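K.L.:
Before I ask anything, here is the structure I am working with.
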Amino acid sequence: MHATQPAHPKAALWLAVIVGSLALALAAPAVSQAEENNPNTYNCIGQLAAGAPEEGSEDQQVAYRFYCNGPITGFQLAAQVPVTGISSPPLVDTLTTAGLSTPGTTLNDTFSCSGEIPGYAVNCVGAAKKGWEIVQGQFAIGKKLCVEPRVDALLTVTYAYLEKGVVTQAISGPFDLGRPQGCPPDAYSGGTRLAPKPIIITRNKPKKHARKKSAKKPAKKAVHH
């Protein structure tokens with residue numbers, strides 16, 4: 001699979017929605033841009049949705065987008081449904097308080113992704129050096145997006161850096177990217193993989209059927225001859 005910039009109408013609409021939602025999330029206390037956290041305690045926000053069709057593939061494409069409040073040098077997306085294809089490289093763009101930069105303008109920051117196919121993980125190494133950069137890509141699954149169980153990927157990010165001449169590695173996560181956007185609600189809606197919604201099963205009590213009283217037939221009168 002080759003990385004392509006989503007051009008499908010549904011994908012374009014979703015990109016507009018997620019940019020808006022991520023821009024709003026930028027102001028949330030949980031992910032403050034005022035200071036970057038310890039790379040072992042990063043906060044990351046992201047979402048899944050329908051991806052753009054891939055030439056030569058009939059599998060369902062799943063688009064992902066996320067950002068973290070610090071630089072990263074790798075990430076993993078762990079799915080609970082089999083992954084049948086991986087697009088590489090994902091795009092890296094700068095997130096600002098004014099919104100998203102022109103796609104693909106962060107030319108020096110990129111990732112290379114791979115993983116066992118079919119498998120359950122997308123493994124990517126590279127760099128988002130400045131932090132606060134949106135990483136967007138897609139992978140394929142062998143089922144429809146909105147069919148249960150719906151894909152719900154867990155994101156884990158890593159950061160390798162030099163400290164006193166020694167390479168130090170940090171890891172943060174997992175972060176739940178949630179169930180795919182754009183699917184109709186069902187009994188599982190409102191929950192995530194890490195915080196599933198309890199399913200309430202109601203069982204109807206069997207109705208008691210009233211016994212029908214049989215009408216008494218009038219006794220036959222004895223006939224005397």
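K.L.:
Run down the aspartates and glutamates and flag those whose C-alpha is under 12 Å from the C-alpha of K143, throwing out any fewer than 8 positions away in its chain.
P.N.:
The reachable aspartates and glutamates, counting only those whose Cα sits under 12 Å from K143, are E58, D59.
K.L.:
Please give me the summed charge of the neighbours of N108: other residues whose Cβ is under 14 Å from its Cβ, Lys and Arg +1, Asp and Glu -1.
P.N.:
Net charge around N108: -1.
K.L.:
To make sure I understand, if each residue's beta carbon is the centre and we count other beta carbons within 10 Å, what order do K130, K144, K164 fall in, fewest to most?
P.N.:
K164, K144, K130
K.L.:
Suppose R0 equals 22 Å. What FRET efficiency, 1/(1 + (r/R0)^6) with r the Cβ-Cβ distance, do T192 and N37 give to the nearest 0.05?
P.N.:
Result of the calculation: an efficiency of 0.50.
K.L.:
State the extension gain, in nm to one decimal, for the chain segment bounded by E116 and V167, taking 0.36 nm per residue of separation less the distance between their alpha-carbons.
P.N.:
Gain in length upon complete extension: 15.6 nm.
K.L.:
Given a Förster distance of 22 Å, report the FRET efficiency between I199 and Q80 from their Cβ-Cβ distance, rounded to the nearest 0.05.
P.N.:
0.85
K.L.:
While we're looking at this one, here's another question. Count the net charge of all other residues whose Cβ sits under 12 Å from the Cβ of Q80, scoring Lys and Arg as +1 and Asp and Glu as -1.
P.N.:
+1
None of the figures in this text is laboratory data; all of them are computed from the coordinates on show. This one's a predicted model, so the numbers in the text were calculated from it and none came from an experiment. So basically every Cβ, Gly included, is an ideal-geometry build from the backbone, and we count neighbours across all protein chains shown.
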